Amino acid sequence: MSEKVYPVPASWKKTAYVDDAGYKKMYAESIKDPAKFWGKHAKRLDWFKVPKKVKNTTYAYPKVSIKWYEDGVLNVSYNCIDRHLKKRGDQVAIIWEGDDPYYDKKITYNELYEHVCRFANVLKKNGVKKGDCVTIYLPMIPEAAYAMLACARIGAVHSIVFGGFSPDSLASRINDANSKLIITADEGMRGGRKVPLKANCDDALKRCAGNEKVVVVRRTGGAVTMIPGRDLWYHDEAASVPADCKPEKMKAEDPLFILYTSGSTGKPKGVLHTTGGYLVYASMTHQYVFDYHDGDIYWCTADVGWVTGHSYIVYGPLANGATTLMFEGVPNYPTNSRFWEVIDKHKVNIFYTAPTAIRALMGAGEGAVAKTSRKSLRLLGSVGEPINPEAWEWYHRVVGDERCPIVDTWWQTETGGILITPLPGATKLKPGSATRPFFGIQPALVDDKGVILEGDTSGNLVILDSWPGQMRTVFGDHDRFVQTYFSTYKGMYFTGDGCRRDKDGYYWITGRVDDVINVSGHRLGTAEVESALVAHPKVSEAAVVGYPHDIKGQGIYCYVTLMAGEEGDDELRKDLVAHVRKEIGPLATPDKIQFAPGLPKTRSGKIMRRILRKIAEDDFAALGDTSTLADPSVVDDLIEKRQNKR
Ligand code: 6R9
């Protein structure tokens, strides 16, 4: 833990929405009477029917039920577009920066309206109705935002699948959500390389029901196979439909989107977010956390395939009438100066990225940053994983020239928006700490029995009461929702994260305490990687753990037991890596594979992951008690053949 404290810069105290006293006052109000607080802040949106019933939530196990604004009626696309047209129709809504720096474009709110209406009409024309799920498998192009907002406009539920997922992963998400329409592109472009999205989609659809339609956006012009009757070009369809589409009247608790995320067991689950509460929370956090003011140019570098892209590229910023930058590329293409050049090119004021990108660029040296101006920057943000104090200091000193506060924002796919974060005009910063709860958020630390711990201490991070942006259920499996999040500590939402709270009440997230690993800010269940490995014909058993990785935060370490008679060599290692990439996608690429004739198991057959984690960390001096193992001798072999010797 870093002991350094950075005060709020004097200039911020004058211009920010809230100072420290303001934060304390608003926070107290939000906890004392949540219904009153969130009723008041619902007014930031335009409602067709203003809600009177604000909060109706219970965490009581097993009858967990979460409803916000349930009698309210609104439309998300109307709130993100139509209501801005009078005042800011000609203001830029989206700045798109291509993978190749030569290409960019600006889309005004008026233009956004037309694109979204046309896309909505294309969906309708192809049979999509209110409540249907549409799967979106697109690169970072404006059409991704149009598609999301088009779904919201007609009351369809979108499920975005990140372009880095394999055909298999795409297929299981299409099937789980029962999507009958898929939106994809011919190819994506990332770091100068093409991603064969349409071909992946063709492959995925072989594993689906067979009655799906595919709308294809032309991005690269690369050759693709179009199946007549199934596949349609977006540009043909869009030209043949009207440029106006009435927004559907949605109840606040109607679903807005599903987003699949990994947990500690089984298949990724469909996290379901609804309409009213989600948008109130996304827009309010976007305004206060980033201290967003009219005219600011705001850039979040996430992909819309992740929740950060949903809440803080599209819905939060557009609900606030912001100019949001959407970047197709990667931080190191064509050079390691790319982020900083884009900031100068578009005069970005607020910049929000992930620690893994910061660490990678830090490794590339200060020169790549120093040659750019970054004068426009006012605020920096971080999300996705714990930021180590060294990376924080570098971000602050080198990127922000010691002028820009950093908001280290802790949240999850499940939470819809940011829960623990500094507010730049109110909160003194400590490098590595997400600091204090946002309005309405009641974090607590509990021991393994669920007893709430007070003061300066460490424990499991739980949240004691609901907030409007919280997920409502796991799509199609409410019991899984209740079991996953509310059964470990009854009556509390369990985040899966470990955390420490210091004497000032600041929260320091230490990382997952379950079998989820965080690779470059992307969540992966160890169970997913294990089931991919055992699907290989030569593998009989596998155990996967995370280990500290300099750039990625955590790397993927696989212990693999082979079928009798199989020999483990580098050839097979390569084959297994390729196999996992094919099954899940490149984001699940194993970093280390250790062939292990035996895994450390208890007498009841449970793999002792604690031991495997220690060996992967190269920290086997403190293995703890191994006497309960069925065969303690396997440990010596595991230590001897460890792949992460330092
Ligand atoms: C938004 C997002 C959620 C998990 C979460 C935690 C980790 C996210 C963090 C952070 C420390 C931060 N995490 N932000 N850890 N400090 N500022 O990333 O959602 O992909 O669902 O991941 O990421 O472990 O539980 P998601």
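The sole residue among Tyr489, Tyr547, Tyr507 that is on the phi < 0 side of the Ramachandran plot, hydroxyl-bearing (Ser, Thr, Tyr) and touching a helix residue (DSSP H, G or I) at 6+ places or on another chain (Cβ under 9 Å) is Tyr547.
Filtering the stretch 454-478 to residues that are without any contact (Cβ under 8 Å) to a residue 12 or more places away in the chain and over 13 Å from Leu272 (Cα atoms) leaves only Glu454. For the stretch 631-646, how many residues meet the condition of being at pLDDT below 90 and surrounded by 15 or more Cβ atoms within 10 Å (Cβ to Cβ)? The qualifying residues number 0.
Tell me the residue from Val307, Val271, Val289, Val280 that is among the aliphatic types (A, V, I, L, M), away from the ligand (no atom under 13 Å from the Cβ) and touching a residue at least 12 places away in the same chain (Cβ under 8 Å), please. Break it down stepwise before answering.
Values: Val307 fails: away from the ligand (no atom under 13 Å from the Cβ); Val271 fails: away from the ligand (no atom under 13 Å from the Cβ); Val289 fails: away from the ligand (no atom under 13 Å from the Cβ).
Of the residues listed, the single one that is among the aliphatic types (A, V, I, L, M), away from the ligand (no atom under 13 Å from the Cβ) and touching a residue at least 12 places away in the same chain (Cβ under 8 Å) is Val280.
Does Val529 count as of a type outside the set (Lys, Arg), assigned to a helix (DSSP H, G or I) and buried (at least 21 other Cβ atoms within 10 Å of the Cβ)?
On the way: of a type outside the set (Lys, Arg): yes; assigned to a helix (DSSP H, G or I): yes; buried (at least 21 other Cβ atoms within 10 Å of the Cβ): yes.
Here the answer is yes, as Val529 does meet what is asked.
When the test is whether a residue is in a loop (DSSP other than H, G, I, E, B) and either buried (at least 23 other Cβ atoms within 10 Å of the Cβ) or of a type outside the set (Gly, Ala, Ser) (or both), His310 does not pass it.
On the basis of being of a type in the set (Phe, Trp, Tyr), more than 18 Å from the chain's Cα centre (by Cα) and either more than 30 Å from Ala252 (Cα to Cα) or more than 16 Å from the ligand (Cβ to nearest atom) (or both), does Tyr559 make the cut? Explain how you work it out, then say what you get.
Working: of a type in the set (Phe, Trp, Tyr): yes; more than 18 Å from the chain's Cα centre (by Cα): yes; either more than 30 Å from Ala252 (Cα to Cα) or more than 16 Å from the ligand (Cβ to nearest atom) (or both): yes.
Considered against the rule, which asks whether it is of a type in the set (Phe, Trp, Tyr), more than 18 Å from the chain's Cα centre (by Cα) and either more than 30 Å from Ala252 (Cα to Cα) or more than 16 Å from the ligand (Cβ to nearest atom) (or both), Tyr559 comes out as yes.
How about the stretch 507-524: which of its residues are in a loop (DSSP other than H, G, I, E, B), more than 7 Å from the ligand (Cβ to nearest atom) and within 20 Å of Pro590 (Cα to Cα)? Residues satisfying the conditions are Asp514, Asp515, Ser520.
Go through the stretch 148-191 and give me each residue that's polar (S, T, N, Q), out of contact with any Phe, Trp or Tyr (no Cβ under 7 Å at 6 or more places or on another chain) and either part of a helix (DSSP H, G or I) or surrounded by 23 or more Cβ atoms within 10 Å (Cβ to Cβ) (or both). Spell out how you get there, then give the answer.
Narrowing the stretch 148-191 to residues polar (S, T, N, Q): 159, 166, 169, 172, 175, 178-179, 184.
Subsequent filtering for residues that are out of contact with any Phe, Trp or Tyr (no Cβ under 7 Å at 6 or more places or on another chain) retains 166, 169, 172, 175, 178-179.
Once the filter is applied, which keeps residues that are polar (S, T, N, Q), out of contact with any Phe, Trp or Tyr (no Cβ under 7 Å at 6 or more places or on another chain) and either part of a helix (DSSP H, G or I) or surrounded by 23 or more Cβ atoms within 10 Å (Cβ to Cβ) (or both), the stretch 148-191 yields Ser169, Ser172, Asn175, Ser179.
Scanning the stretch 497-515 for residues that are over 16 Å from Trp410 (Cα atoms) and either modelled with pLDDT under 95 or of a type in the set (Ser, Thr, Tyr) (or both) returns Asp514, Asp515.
Only one residue in Asp33, Asp82, Asp20 is at pLDDT 95 or above and either among the polar types (S, T, N, Q) or within 26 Å of Tyr315 (Cα to Cα) (or both). Which one?
Working: Asp33 fails: either among the polar types (S, T, N, Q) or within 26 Å of Tyr315 (Cα to Cα) (or both); Asp20 fails: either among the polar types (S, T, N, Q) or within 26 Å of Tyr315 (Cα to Cα) (or both).
Going through Asp33, Asp82, Asp20 in turn, the sole match is Asp82.
Filter the stretch 408-440 down to residues that are charged (D, E, K, R) and outside any loop (DSSP other than H, G, I, E, B) and give me whichever is nearest to the ligand (Cβ to nearest atom). Among those residues, the one meeting the criterion is Asp408. Restricting the stretch 342-377 to residues that are over 15 Å from Phe327 (Cβ atoms) and in contact (Cβ under 8 Å) with a residue 60 or more places away in the chain, the residue that is surrounded by the most Cβ atoms within 10 Å (Cβ to Cβ) is Pro355. Every condition in (1) in a loop (DSSP other than H, G, I, E, B); (2) within 14 Å of the ligand (Cβ to nearest atom); (3) modelled with pLDDT of 95 or more holds for Gly263 except the one numbered (3).
For the structure I just gave you, tell me whether Ile387 is of a type outside the set (S, T, N, Q), buried (at least 24 other Cβ atoms within 10 Å of the Cβ), more than 20 Å from Thr335 (Cα to Cα) and more than 16 Å from the ligand (Cβ to nearest atom).
Values: of a type outside the set (S, T, N, Q): yes; buried (at least 24 other Cβ atoms within 10 Å of the Cβ): yes; more than 20 Å from Thr335 (Cα to Cα): yes; more than 16 Å from the ligand (Cβ to nearest atom): no.
Here the answer is no, as Ile387 does not meet what is asked.
In the stretch 217-262, how many are under 29 Å from the mean Cα position of the chain (by Cα) and touching a residue at least 60 places away in the same chain (Cβ under 8 Å)? Adding up the residues that qualify gives 19. Residue selection: Ala60 satisfies the criterion of being under 28 Å from the mean Cα position of the chain (by Cα), of a type in the set (A, V, I, L, M) and surrounded by fewer than 14 Cβ atoms within 10 Å (Cβ to Cβ).
When the residues of the stretch 390-400 are filtered to those that are assigned to a helix (DSSP H, G or I) and more than 12 Å from the ligand (Cβ to nearest atom), which remaining residue is nearest to Ile551 (Cα to Cα)? Spell out how you get there, then give the answer.
Taking the stretch 390-400 and keeping what is assigned to a helix (DSSP H, G or I), we get 390-399.
Then drop every residue that is not more than 12 Å from the ligand (Cβ to nearest atom), which leaves 390, 393-399.
Working: Glu390: 12, Glu393: 16, Trp394: 14, Tyr395: 14, His396: 18, Arg397: 19, Val398: 18, Val399: 18 Å.
Among those that are assigned to a helix (DSSP H, G or I) and more than 12 Å from the ligand (Cβ to nearest atom), it is Glu390.
Counting only residues that are over 24 Å from the mean Cα position of the chain (by Cα) and under 22 Å from Met140 (Cβ atoms), how many does the stretch 193-216 have? Full working, then the answer.
To start, the set of residues in the stretch 193-216 that are over 24 Å from the mean Cα position of the chain (by Cα) comprises 199, 202-203, 205-216.
Next, from what is left, pick out any that are under 22 Å from Met140 (Cβ atoms): 199, 202-203, 214-216.
So the count comes out to 6.
When the residues of the stretch 485-504 are filtered to those that are more than 27 Å from Asp303 (Cα to Cα) and in contact with a Gly (Cβ under 9 Å, 6 or more places away or on another chain), the one that is nearest to the ligand (Cβ to nearest atom) is Arg500.
From the list Phe475, Phe494, which one is in the same structural domain as Lys4 (by the TED database) and within 20 Å of Ile418 (Cα to Cα)? Outline the logic, then answer.
Details: Phe475 fails: within 20 Å of Ile418 (Cα to Cα).
After applying the criteria, what remains is Phe494.
Check the stretch 560-571 and report whether any residue there is outside any strand (DSSP E or B), assigned by the TED database to the domain that holds Leu599, without any contact (Cβ under 8 Å) to a residue 60 or more places away in the chain and within 27 Å of Asn200 (Cβ to Cβ). Break it down stepwise before answering.
So in the stretch 560-571, the residues outside any strand (DSSP E or B) come out as 563-571.
Right, trim to assigned by the TED database to the domain that holds Leu599 and you get 563-571.
If we keep only those that are without any contact (Cβ under 8 Å) to a residue 60 or more places away in the chain as well, we get 563-571.
If we keep only those that are within 27 Å of Asn200 (Cβ to Cβ) too, we end up with 571.
Scanning the stretch 560-571, I find at least one residue that is outside any strand (DSSP E or B), assigned by the TED database to the domain that holds Leu599, without any contact (Cβ under 8 Å) to a residue 60 or more places away in the chain and within 27 Å of Asn200 (Cβ to Cβ), so the answer is yes.
The values are calculated or read from the model by the stated rules, or taken from the named source; none is laboratory data. The model shown is predicted, which means the values in this text are computed figures rather than measured ones. Here the Cβ is made from the backbone with ideal geometry for all residues, glycine too, and neighbour counts use every protein chain on show.
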